[in-house]
């Protein structure tokens, strides 16, 4: 499917700040862990159901930054001007950006 729109939809900007100022530790966790419902150590960083995700796009293991839909269970990016989407269990090992609370956060 060709990606022909001039509108991407949304833009997520990943910025690294000192952990004690952020209040969280960040880690790339497998989709299968990030999407679990209930109590867990790492929670996905998300807007709605969309979370930053690293997709493996070929047999050689090339990676692209895209997004994962935690509800509909798919991951997508744009690859060589084409929409690239992977559904279901095939995304279980893709990495999703997650966070967990820190105890040493600076008070404001």
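Table: residues versus (1) in a loop (DSSP other than H, G, I, E, B); (2) modelled with pLDDT under 95; (3) over 15 Å from the mean Cα position of the chain (by Cα).
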residue	(1), (2), (3)
39	yes, yes, yes
54	no, no, no
58	yes, yes, yes
61	yes, yes, yes
66	no, yes, no
77	no, yes, no
100	no, yes, no
104	yes, yes, yes
108	yes, yes, yes
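Filter segment 79-92 down to the residues that are surrounded by 12 or more Cβ atoms within 10 Å (Cβ to Cβ), at pLDDT 90 or above and out of contact with any helix residue (DSSP H, G or I) (no Cβ under 7 Å at 6 or more places or on another chain) and list them by number.
The answer is 84, 85, 86, 87, 90.
Please go through segment 85-98 and give me each residue that is assigned to a strand (DSSP E or B) and over 15 Å from the mean Cα position of the chain (by Cα), ordered by number.
none
Identify all residues within segment 41-52 that are touching a strand residue (DSSP E or B) at 6+ places or on another chain (Cβ under 7 Å) and either more than 16 Å from residue 88 (Cβ to Cβ) or in a strand (DSSP E or B) (or both); write none if there are none.
Result: 41, 42, 43, 44, 45, 50, 51, 52.
Picking from 45, 15, which residue would you name as being at pLDDT 85 or above and within 17 Å of the chain's Cα centre (by Cα)?
45
The values are calculated or read from the model by the stated rules, or taken from the named source; none is laboratory data. None of the values given here were measured: they were computed from a predicted structure. Note that each Cβ is placed from the backbone with ideal geometry, even for glycine, and that neighbours are counted across all protein chains shown.
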